[in-house]
Structures are given as structure tokens and as C-alpha cells.
Amino acid sequence: MERSQVVLNKSRIGFLLKHSPRESIFFVMAYIVTAILIFLSYVNPDIGIFSLGKSSSVSLRSRYTFSYDDKFEVQNLYKEIEFKKPFYFSYIENHGEIFERNLNQLLNLLKTDSNSEFITLLGKSKYSFSGEAVRYFIDNRKLISKYTNRLIYLYRAMTSFYLLVDKKEESSLNYVEVVTRLENKKVLKERLILCPVEKDFLVNFIGKTYTGSSQEFKTILAEILINTIEPIAIFDQKAREDSIKSELNLIRRSRVINSGEFLIRQGDIVTQENLAKIIAYYDYKNKDLKTKIWGYLILGLLLYLLLLYRFVYYEEEEFKSRANFYVGLIGFIVANFLYYSACLYSENQILPPFLFILYAILSISLPVLLRNARLAILFLISYSFFLLFYPIFDVITFMNLLFISLSTIYTSQILKNRNDFFLVAIFIGVLQTLFFIIYSIYNQTLPHLNEWGIILLYCFGNGFISSIIALGLMPLVENAFNIPTRFRLLEITNPSQSKLLNKLRTEALGTYTHSLLLGDMCEVVAEKLGIDSLLAKACGYYHDIGKIETPQYFIENQDGRNKHEDIKPSISVSVIKSHTKLGVEIAKKYRLPKEIIDAIVEHHGTTTISYFYHQALGLLGDENVNISDYEYPGPKPQSKHTAILMLADSIETTVRAYSQNSERFTTKIIEDIVNDMIQKRLSQGQFDECDITLHDLKVIGNEFYKFLAAYYHRRIEYSKNR
């Protein structure tokens, strides 16, 4: 990267850091507000406002087309299927192995040689035996170990007929469903035995199997089985639910809600049907929120930073203005608030959501407030891209916003006077009518002929309301940010409306006349260079406003004796130099725009007040005079407007002085003065800090020559004829 590029990039980074903390906070807050609005646009209102059987207080219209299931219908179907559906149990295929393993563990314990050790191990184990059984084990441990085959036989006999389960539920059906590896089997409820198995049941079962056995023998075997048997089928609620859902999917009917369809209208009684639609719509929106919102917020932030970089990098001069900075960000917040409001509006109204009054107001106001149609278009197009992150986004709405943004090219040319706002209103009305037709065709909702009167009234009313609001708000914004809009400049350059110009005419007529002439000169040149000619005119009118305080010390206001003849050159210089400082104070008092204040302080740059400097040299000598004391404090011109004003001021003053000698004064002298003054100011480096070019200086010289030659033409001809 070249060194010049590095310096340029650093300067732009510096520009970002130059803004005050307050502006940086405002910049961050603008995105935070936008992020909140994007998030809220996806959040559902409280469903509690829709009470079954009561009148709805609002209308609700779907933004999406999607399929749904009637929640209440599905719940009823589910209950019906559930009522008819048996309980499910999962069969444990290796239950026999589990039993034998448990039995062997117990029998191994019984084989312990020492009675005391046996009792100790039994106490620490998981087994639970009665005292009678423990005494029996102590006396007959070796005998019990021979009962393995009998116990296995009993277990197999029991499980071949009974289903040992871990849970039993009440049901109207007389069977349950057992899920095996190969198939599902129906088992009667009377064959279900709950584990742990009851002792009496086991004693009775053993008695039937081994007839003639003693009661003690049956009891001991029963207790052993209780401690070793586990369920052979586990209650399986999931399998039951899967079966219910599978059957439900076969019989339930999916419905479709279309975009734009009213789910309920204000005043309608909330029925189970439309409440089901509302619930389905809210569920769909919540799903949309979870899948999109974080991505939208991150993409929104990246787009926000990218647009900021684009404006800073390519529109640096325009974006330096604090007024442009605030107006641009306020417009951004207003646009996003509009999108959020449209989201609420689109769910409650039948009229299409793209008829945005606020956006029309922005499109009317921004070119005027920014004083730059191109910058306004860029801002508006940037705003429109954020519509992508809101649920109301569709191609037609987006194109509508783009057309409104691009229409600024036309509307900015129309707006020359405040009355022209009504022409803009008609233009916006036509544009909105066109997009209403496109929207209706796209959604296949063309209105009836008898409805067109209301629609046209709405569309054109939209335009007129936008224009009226913009017309009313603009002076407030102009004053709040002290913006030199075209309308404000027209007011302050009208001597009949400007109190300050009237005061200048009354107290310093010569300066007033000189200022009007300079204003006309600057206006002509600015038009030729393609910059704000009305601002250039205003700068010319007010550049010497500080002379109001001491008018008789300036030659154009002197009608006889020169007051400088009685004072020292150093004092004269301080009086002359003070008119820029006094001008700034007066301009601030009358709240003139910053651009005009800059012109007041910059139009002399750091030039030398040569008359008094040379007078001081003659009186005091070179060694006793410091040239810097006789120079204006500056700064040098920072813009084309003040560079034009500097040249106009020095050229007009010089030409006027030469015109006093009518016999020597010719158009050739005017041409020489113009060229010499431009070269002089250029060689002094007065234009080093502004973006004026040599081509611009050539245009300025030509235009000043033509203007002054025409202005002094009659006087020259009259002198020659005389």
C-alpha cells in the first residue's frame, strides 16, 4: 500500500474517532433501538386477549402461508385414541437368564460355612427374609442349595402363564400390548402379576405345583422367589404414545392459513375454530423467531457497520457535518420504527402494509435537510435494506421503498419553494396508486369499482399528509440542527425578511451594497461549479456583518474624512481584523448556519492587510514591524464556497477602487485584476486547505470577469463618451 493511501485511511479512522462521546453513544443507541424493534416485530402479543366465547378487541391477520393442525381437534382425537389404546409393555427376552443369575447369587450366599459369617453377609445384602426363613437357612443351608432345579421349574411355569410387570394402570380394556422383538402380543389383564410378587400368591402357586408339600417348605420357596424374581415386561409409555401419534397422523386433517387471511376480526366472538388458528399462528411465529432472529440481528449489525464505513469512506465531506450525522441516524431510527409499526399494522388492517407515510416524509425531507439529493438517496436506499430483517418483508414492499427512494431524484428538483410540496404530494399519490395496483394483482385481491374512490383517496391522501407533515416538521429540524436548507437560505437572503440585513443596510449602507454584489457574484460562480449557489449567495450577503459595530472605519462606508488618519496603523489593523470576530458573534446571536459562520471567519484567510502594513513600514521601518501582526488570523478557506468568497471580495474591492479613475478604467483592467488576484492568492497558499482545483479557478476567473465587465459596462462606456 502506498504511503498516501495509508495516510488517507488513517485520516478516515481519525474521522470516526473525532466525533464526541455523545455522538458515539447516539450511533450505538441507534442500532440498539433498531435491534430491539427487529426483535419485538417477531414477538407475539399476549394470547390472553383472546378469550373463548368473548368478543375480540382486535383484528388479527396472518403474515404467512402455512399449514397447521387444529389444536383442539387434535387434542380431542388424541383423547379418543388414547381411551381405546391399551397399555404397552416391552418384553425382556433374556428374563430367564436374569432369574438364574439372581438365584445363583443367593444360593452361593447360602453355602457360606460359618453361621456367623452367613448372618453378617445376609445383613449387608439386598435380600429381605423373615426370621423364620433365616432360621430355616441356618439349619438347612446345604439342603436348600439342592432346590435349584425346583425353583427354576417354578419360575418357568409361572412366566409361561403369567406376565410379571413393573407397573399396572387402570384401563377400560381387558388386555395389554406386549412388544417383543418379533411381534406385538395381546395379553389379558388377568394374567398380569405385579412385581414384587405377593407372598400368598406364590405360596398358593407352589402348592398347586408341588402338591403335598409342607407349609414351611412352600413359604421358604416363596420367599426365595420374591427375592430373585424381576419383571419380565416393563411398562412402555413411549411405545403407547408413538402408537397413538401414528394412528393420529392417519386420521387428522391439516389445514392451511394463507398470507393476508384474517384469523379473527375486531368484534367477532372468539370460537374454538379461530382460537385454534390464532394458537397455530403464534406457534409458527415463535418458530420463525427462534430460527431467524439472532441471524437477523448479527446481519443487521454487519450491514449497519458496512453502511457507516461506506458513508465515511466515500461521503467523508458530507458526513463530517454533525447535522448530516444526526439527521441520517434519526432517519434510520424513524425508518425502523416505521417497519415495526407496519408489522403491527399488517396484522390488524386489511389495507396493504406498504403505504408508508413516514417513509414518504423521509423521502421528501432528507434531500432538503441534507442539501444533497445523492446523499439522501443513498440514505433512503440504506434504510430500505433493513426491511429485509422484518417479517413484513416482501419483494413488492421492498421495491416500493426503493422507488420512493429513487423518486428523490425527481422530488428534489421540484422543491424550489415551500408551495412545491403539493406537487410532490401528487407525485407520491400516483406512485402509491401504482404500487397498490401491483400489490392487488400479486395477491389476487383486486378491489371492486365502488372501492376505488376510497383507495385513491387513501393513496393521494397519503401523499398530501406526508407533504404537510414534512412541511411542518422541516422548520423545526432546520432550527434544531441549524441547517441551511434551501428554504431557510431563501428567507435569510431576502432583505425584506432578514432583520440582520436590514440592520446592515441601515447602519452600514456601503458594506450592505458591497455584500449584495458579492452575493450575486458568488451565486453565479457556484451555479457554474455545480455547488450550492444559494449558500454561496448567503455567504456573500453576511460575510462582512461584523462591520455593523464600527462601520465608519471601513472605506465603503466613509463619505468624507477617513478615521484611520488619526490613529496608528497597528490600531487600524486591530479594528479591521476585529470585524471577522465580531461577525461570528453576531452570526451566532442571530443563529445563522455554521456554513455562513465559517465563511465570515475564513473569507480573508491569513492574508496581509497590506495598506496598513506598508504604512507601518514607512513610519517604523522594517526591523520594527512584524508582518504577522498585520495578517488575518485565519483559518484559510476550508471549502469552495469560502474560496470563491475570498476571491470575490478581493477582486470586487480592487475593481471598485480602479473604477474611481474612469478615464483609465477598461474591461482589460478588470481581466488583469481577476487573473492577478487569483494567482496572488494561489501563490500565498490560501487554497491549500480546500478542495478547489485549477480548473475551478479558471471557471471562477472567467465568470467574475464576465460579471464585473457587465456590471461596470455602462459606466465605462459613459466615461468614454463623455
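Throughout, read-outs are computed from the coordinates displayed, never taken from laboratory work. Fair warning: this is a prediction, and the values are worked out from it, not measured in the lab. Glycine gets a Cβ as well: all are built from the backbone with ideal geometry, and neighbour counts include every protein chain shown.
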Using Rg/Rh (Cα atoms, Kirkwood Rh) as the read-out, say which of (i) 1.35; (ii) 1.16; (iii) 1.06 was calculated from these coordinates.
-> (i)
Among 614, 603, which comes first, second and so on when ranked by fewest other beta-carbon atoms within 10 Å?
-> 614, 603
Paired Rg and Dmax values of the range 488-721, which use every Cα atom, in angstrom = 17.4, 51
Rank these for me by crowding, 677, 29, going from fewest to most other beta carbons within 10 Å.
-> 29, 677
If packing is taken as the mean number of other Cβ atoms within 10 Å per residue, what is the order of 169-177, 203-211, 695-703, 328-336, highest first?
-> 328-336, 695-703, 203-211, 169-177
Expected unfolding gain across residue 668-residue 215 under the 0.36 nm per residue rule, minus the alpha-carbon gap, is 148.5 nm
Dividing the mean separation of Cα pairs under 8 Å (6+ apart) by the residue count of the chain yields a relative contact order in percent of 12
Residues of the range 61-98 with amide N under 14 Å of the 7 Å Cα→Cβ point at residue 180 = 89-96
Points 7 angstrom from Cα along the Cβ direction at residue 706 and residue 301: gap in nanometres?
-> 5.6
Averaging sequence separations of C-alpha pairs under 8 Å and six or more residues apart, then dividing by the length of the range 488-721, give the relative contact order as a whole percent.
-> 18
Coordinate range along principal axes, alpha carbons of the range 83-240, Å, largest first | 57, 33, 26
On a 0 to 90 degree scale, rounded to 10, what angle separates helix 215-228 from the longest Cα axis of the chain?
-> 20
Roughly how many whole Å is it from the C-alpha centroid of the range 40-97 to that of the range 448-487?
-> 48
On a 0 to 90 degree scale, rounded to 10, what angle separates helix 322-346 from the longest Cα axis of the chain?
-> 40
Just name one of 538, 550, 495: the one whose Cα is farthest towards the positive end of the charge dipole of the range 490-589 (beta-carbon charges, Lys/Arg +1, Asp/Glu -1).
-> 550
Pop the C-beta distance of residue 111 and residue 149 into the FRET formula with R0 = 22 Å and round what comes out to the nearest 0.05.
-> 0.85
Based on other C-beta atoms within 10 Å, arrange 691, 532 from fewest to most.
-> 691, 532
Taking 7 Å along the Cα-to-C-beta vector as the label spot, tell me the residue 388-residue 479 distance in nanometres, rounded to one decimal.
-> 4.1
